1. Does TYR93 satisfy the criteria of being part of a helix (DSSP H, G or I) and under 17 Å from TYR183 (Cβ atoms)?
2. Being open to solvent by 10 Å² or more (accessible area, probe 1.4 Å) and hydrophobic (A, V, I, L, M, F, W, C) is the filter here, so list the residues in region 83-111 that pass it.
3. Starting from residues that are of a type in the set (A, V, I, L, M, F, W, C) and part of a helix (DSSP H, G or I), keep the ones in region 207-235 and report whichever is most open to solvent (accessible area, probe 1.4 Å).
4. Can you tell me which residue among LYS59, LYS112 is closer than 20 Å to ILE18 by Cβ and of a type in the set (Lys, Arg)?
5. Cβ-Cβ under 7 Å, sequence separation 6+ or interchain: first residue in region 159-171 and of a type in the set (Val, Ile, Thr), partner surrounded by 21 or more Cβ atoms within 10 Å (Cβ to Cβ). Which pairs?
6. For region 179-201, what are the residues that are part of a loop (DSSP other than H, G, I, E, B) and under 16 Å from the mean Cα position of the chain (by Cα)?
7. Within the bounds of region 149-162, is there any residue that is of a type in the set (Gly, Ala, Ser), touching a strand residue (DSSP E or B) at 6+ places or on another chain (Cβ under 6 Å) and in a loop (DSSP other than H, G, I, E, B)?
8. Which one of ASN114, ASN80 is in contact (Cβ under 8 Å) with a residue 24 or more places away in the chain, open to solvent by 70 Å² or more (accessible area, probe 1.4 Å) and among the polar types (S, T, N, Q)?
Amino acid sequence: MFKINLEFPEKIEKIIQIPTVFIHGIVGTHRDWSPFILQTCGNQFHKVSLDYEFKSNLKIIHKKPNLSSSVWIVSYYVNNRIRELVEGNLRNYAIRLRQLIQYIIIFSNTQKINLVGHSMGGILARYYMCMGEQEWNSVHKILCLGSPHEGIPIPHPTFMPQVEDLKKGSHFLMKMNRKWNYYNSIQKSRWGVIGSINPYSITNLFRSMAYKTDSGGMGSVVLSSCIPFGEWKEAIQMPGLPAYNTKNFSYRLFLEEHHNHLLNSKATHLGINWLVEE
């Protein structure tokens, strides 16, 4: 495994000036980001989520509203997981994420935020940005860790709407990437990606480099999707070393790591260091 020599900062919230929103992936919760946040920020972070009120309307639940921290963990899921299975498509989740981000922007009295998304959370963060000019301009930087930007290669139906939206060639992904290209042509995003492969996966021994996975979810988050536009070919030449201002990304990093470990690795800290730099 590639080693990265980087000490964890003692208190990262001291250097985060712009409100930074951490977003979990599929079937995730606030707890996904908790180890990283607790290690770097202690208890100095906000936690917001959504819940159903009167069976239809979503209300925001904000834990620790008296804190002055710029660190936010959000969850776009509600407690009714059966309802999520029925309604759980990515467009609905993106709409919920927009509601949460609008609340954070108003609460923080700010015009700019940073977004950090793990796995599907990175896709939702990008879709949020594509929902309009105001949303696009509200993001200072975006960092995606293990996010399948070109979809996941699952040929058979899954009967899970959110997974269907993530499939390679889905209408959701095509629409998002089309809008992304449009807004990006007007004002280039400050977009960072971290992609990895699991060095302990037996199945990776029989796959070409482009289709090696980080064993995320169904084991189908492939490297060429996490670092798209063919830049994975360049990224694998410098494992563990960040590249800045490439053709498509402001920040790019490849390493050998399991999908879930990206939530709290030294590579994540490298990415956050880029995120908080002006």
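The values are calculated or read from the model by the stated rules, or taken from the named source; none is laboratory data. These numbers were taken from a predicted model, which means no experiment stands behind them. Using ideal geometry, Cβ is built from the backbone for each residue, glycine included, and neighbour counts are taken over all protein chains shown. Side chains are part of the model used for accessible areas, which takes the heavy atoms of the whole protein and leaves out ligands, DNA and RNA. Shrake-Rupley method; radii C 1.70, N 1.55, O 1.52, S 1.80 Å.
1. Working: part of a helix (DSSP H, G or I): yes; under 17 Å from TYR183 (Cβ atoms): no.
It is false that TYR93 is part of a helix (DSSP H, G or I) and under 17 Å from TYR183 (Cβ atoms).
2. LEU85, VAL86, ILE95, ILE105, ILE106, PHE107
3. Taking region 207-235 as the starting set, the residues that turn out to be of a type in the set (A, V, I, L, M, F, W, C) are 209-210, 218, 221-223, 226-227, 229, 232, 235.
If we keep only those that are part of a helix (DSSP H, G or I) too, we end up with 209-210, 223, 226, 232, 235.
On the way: MET209: 56, ALA210: 15, LEU223: 0, CYS226: 1, TRP232: 39, ALA235: 3 Å².
Once the filter is applied, the top-ranked residue is MET209.
4. Going through LYS59, LYS112 in turn, the sole match is LYS112.
5. Every condition considered, no pair remains.
6. Across region 179-201, the qualifying residues are SER189, ARG190.
7. In the first step, residues of region 149-162 are kept if they are of a type in the set (Gly, Ala, Ser); the result is 151.
Remaining after also requiring touching a strand residue (DSSP E or B) at 6+ places or on another chain (Cβ under 6 Å): 151.
Within this subset, residues satisfying the condition of being in a loop (DSSP other than H, G, I, E, B) are 151.
Yes - at least one qualifying residue is present in region 149-162.
8. Working: ASN114 fails: open to solvent by 70 Å² or more (accessible area, probe 1.4 Å).
Step by step, each of ASN114, ASN80 is checked, and only ASN80 is in contact (Cβ under 8 Å) with a residue 24 or more places away in the chain, open to solvent by 70 Å² or more (accessible area, probe 1.4 Å) and among the polar types (S, T, N, Q).
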